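Before any comments, here is the structure.
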Amino acid sequence: MSNQNLSEFDIQEAIKDVANLMGVAARTAPKSAGKDFVVLKVIYGEDVIKLAKKMISYGEEMGKKNFDRDGDNVKNSLAVLLVGIKDAASLGLDCGACGYDRCADRISHKGSEFDGPQCAFRLLDMGIAIGSAVKTAGMMNVDNRIMYRAGVVARKMGLINADFVMGIPLSVTGKSIFFDR
């Protein structure tokens, strides 16, 4: 067996496999009352570059910190898994965690970055799906980081149809690009 480096083609194929497995992990993660409102999409290549550039410009336009730093990370990534929720119905517990005492009183509205309020249990479902996805990436030794900023801009660009989104960029390098930034 040779000690040859993976070619770019092999790395891109491996990333596609890992991203698909991450999607499987997110899809099969447990959901409250067995109802699934999680939406998933993987972007590659030119879409990753467009997202990165738009993240940087959005941060500049809005005067928000760290969109440039995270945009640079996305630019240097091979893929981004987008995980969101769409039209997530309340669980019906009247728990008040969303800010309303009764689920029936929860009034959805368009926010500047995300639509809300969201049922806390549906956000937990999304969080568990994200955790399952990044666990899978970690098991495959693919560097990743959960990014609010990537989710905001991907949603604004229409890369995913969701009300609330997080992005998970994926990288394969000798040292993780997502730490010591």
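So, in segment 82-111, of the ones that are modelled with pLDDT of 95 or more and of a type in the set (Ser, Thr, Tyr), which residue ends up nearest to Lys16 (Cα to Cα)? Among residues in segment 82-111 that are modelled with pLDDT of 95 or more and of a type in the set (Ser, Thr, Tyr), the one nearest to Lys16 (Cα to Cα) is Ser90.
Just one of the listed residues (Arg69, Arg106) is of a type outside the set (Phe, Trp, Tyr), closer than 28 Å to Ser132 by Cβ and free of Cβ contacts under 8 Å to residues at least 60 places away in the same chain, and it is Arg106.
Within segment 109-137, the set of residues being touching a residue at least 12 places away in the same chain (Cβ under 8 Å), open to solvent by 50 Å² or more (accessible area, probe 1.4 Å) and not charged (D, E, K, R) comprises Phe121, Leu123, Leu124, Ile128. For segment 47-65, which residues satisfy the criterion of being free of Cβ contacts under 8 Å to residues at least 60 places away in the same chain and part of a helix (DSSP H, G or I)? Those that are free of Cβ contacts under 8 Å to residues at least 60 places away in the same chain and part of a helix (DSSP H, G or I): Ile49, Ala52, Lys53, Ile56, Ser57, Glu60, Glu61, Met62.
Which residues, taken from segment 66-94, are under 30 Å from Ile107 (Cα atoms) and assigned to a loop (DSSP other than H, G, I, E, B)? Lys86, Asp87, Ala88, Ala89, Ser90, Leu91, Gly92, Leu93, Asp94, listed by residue number.
For segment 162-174, filtered to residues that are under 16 Å from Ala26 (Cβ atoms) and open to solvent by 10 Å² or more (accessible area, probe 1.4 Å), the residue that is farthest from the chain's Cα centre (by Cα) is Phe164.
This table checks each residue for (1) open to solvent by less than 20 Å² (accessible area, probe 1.4 Å); (2) more than 16 Å from the chain's Cα centre (by Cα); (3) among the acidic types (Asp, Glu).
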position: Ile56; (1), (2), (3): no, yes, no
position: Met62; (1), (2), (3): no, yes, no
position: Asp70; (1), (2), (3): yes, no, yes
position: Asn73; (1), (2), (3): yes, no, no
position: Val83; (1), (2), (3): yes, no, no
position: Asp105; (1), (2), (3): no, yes, yes
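The values are calculated or read from the model by the stated rules, or taken from the named source; none is laboratory data. As the structure is a prediction and not an experimental result, all values here were calculated from the model. As a convention, Cβ positions derive from the backbone with ideal geometry for all residues, glycine included, and neighbour counts pool all protein chains shown. Side chains are part of the model used for accessible areas, which takes the heavy atoms of the whole protein and leaves out ligands, DNA and RNA. Shrake-Rupley method; radii C 1.70, N 1.55, O 1.52, S 1.80 Å.
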